[in-house]
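**Student:** A single structure is presented below for examination.
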Amino acid sequence: MIIDGRKLAAERKEELKIERQKFGALSLGVVIATTSPVTQSYVGIKKRAATDLNIDVVEYRLPETATLEEIMNATKEAGKHDGVILQLPLPNGIDVDIAKNAIPTMLDVDVLSDPAFELFAQNNFPAIPPVPAAMWYIMKRNNVSIAGANMVLIGGGRLVGKPAGVLFERLGANVRTLIKGDDVVSATRNADIIISGAGVPALIKPDMIKDGVVIIDGGTSESGGMVVGDADPLCAEKASVFTPVPGGVGPIAVVEIFTNLLALKKLSINL
């Protein structure tokens, strides 16, 4: 089954609108220090989702010559909203690890800062990193059994592999994480679920997977002028669940940002 991520994202948004009704005015501060068309497009997608949920988005735009201090100051200033996003990528030469930690922990809707991620890893944070959250939503909607499943994670990055490992181990999967240099073929052939975030076009091919495997592709890269995922599209013929790129995980991950905003806001009200 090829997943229609845009359709699922719309349904997820409708679910979220019910929760949204419990709150008054809400706003999201987004710090942007790039003029990249791809980034601008992605910010636009977030803004449209916010509009659908009656959440204001306030942009804090900085030039690509912005210093680390300027970016951190803008991020702290954005803390007057109910959620904060530090839009990546940042300008060349900026230390992302330092900049991201300027995000107020309890406003970190991407779970990007070290304090927020540490709380998430301890199962002590109401927000889930958006990409793994979207992957979990896809699996729940398609009745994929996670507990006891042999899961292979390709890539240990901060946005996909690392948080996915934390989440799905917590949910009972037998998780094996592969990094650059590991034997991908031998690992994927017996996997029940494959989650990939490597950013390598057609890394996963049909002869590397078994029939009925679940493939959740979180990798994006450019090939021949097109955005593609890590899994060869022909893998869909063998997979029981297959997420295409684009149009698979991504649209749902955007909605999960606002799931996190509401969860963090609810916690702040209850404190």
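**Student:** So which of Met139, Met135 is touching a Gly at 6+ places or on another chain (Cβ under 9 Å) and either part of a helix (DSSP H, G or I) or surrounded by 24 or more Cβ atoms within 10 Å (Cβ to Cβ) (or both)?
**Tutor:** After applying the criteria, what remains is Met135.
**Student:** Just name the residue that is farthest from Ile85 (Cα to Cα) out of those in region 212-232 that are modelled with pLDDT of 95 or more and not in a loop (DSSP other than H, G, I, E, B).
**Tutor:** Once the filter is applied, the top-ranked residue is Val214.
**Student:** Now for a different question. Which one of the conditions (1) under 14 Å from Gly248 (Cα atoms); (2) surrounded by fewer than 19 Cβ atoms within 10 Å (Cβ to Cβ); (3) without any contact (Cβ under 8 Å) to a residue 40 or more places away in the chain; (4) not aliphatic (A, V, I, L, M) does Gly229 fail to meet, given that it meets all the rest?
**Tutor:** (2)
**Student:** Taking Ile154 as the residue in question, decide whether it is of a type in the set (Val, Ile, Thr) and within 21 Å of Glu15 (Cα to Cα).
**Tutor:** Taking the combined requirement at face value, the residue does not satisfy it.
**Student:** Also: Take Val152 and tell me if it is touching an Asp or Glu at 6+ places or on another chain (Cβ under 6 Å) and outside any helix (DSSP H, G or I). Break it down stepwise before answering.
**Tutor:** On the way: touching an Asp or Glu at 6+ places or on another chain (Cβ under 6 Å): no; outside any helix (DSSP H, G or I): yes.
Taking the combined requirement at face value, the residue does not satisfy it.
**Student:** Residue under question is Ser221, and the condition is that it be assigned by TED's automatic domain parsing to the domain that holds Asn142, free of Cβ contacts under 8 Å to residues at least 60 places away in the same chain and either over 20 Å from Arg158 (Cα atoms) or surrounded by fewer than 23 Cβ atoms within 10 Å (Cβ to Cβ) (or both); does it hold? Let's see the steps before the verdict.
**Tutor:** Values: assigned by TED's automatic domain parsing to the domain that holds Asn142: yes; free of Cβ contacts under 8 Å to residues at least 60 places away in the same chain: yes; either over 20 Å from Arg158 (Cα atoms) or surrounded by fewer than 23 Cβ atoms within 10 Å (Cβ to Cβ) (or both): yes.
In short, yes.
**Student:** Here is a further query. Can we say Glu237 is among the charged types (D, E, K, R) and either farther than 20 Å from Met151 by Cα or under 12 Å from the mean Cα position of the chain (by Cα) (or both)?
**Tutor:** Considered against the rule, which asks whether it is among the charged types (D, E, K, R) and either farther than 20 Å from Met151 by Cα or under 12 Å from the mean Cα position of the chain (by Cα) (or both), Glu237 comes out as no.
**Student:** Quick check, is Val144 within 25 Å of Ala236 (Cα to Cα) and modelled with pLDDT under 95?
**Tutor:** Values: within 25 Å of Ala236 (Cα to Cα): yes; modelled with pLDDT under 95: no.
No, not satisfied.
The values are calculated or read from the model by the stated rules, or taken from the named source; none is laboratory data. Because the structure is a prediction, the values reported are computed rather than measured. Note that each Cβ is placed from the backbone with ideal geometry, even for glycine, and that neighbours are counted across all protein chains shown.
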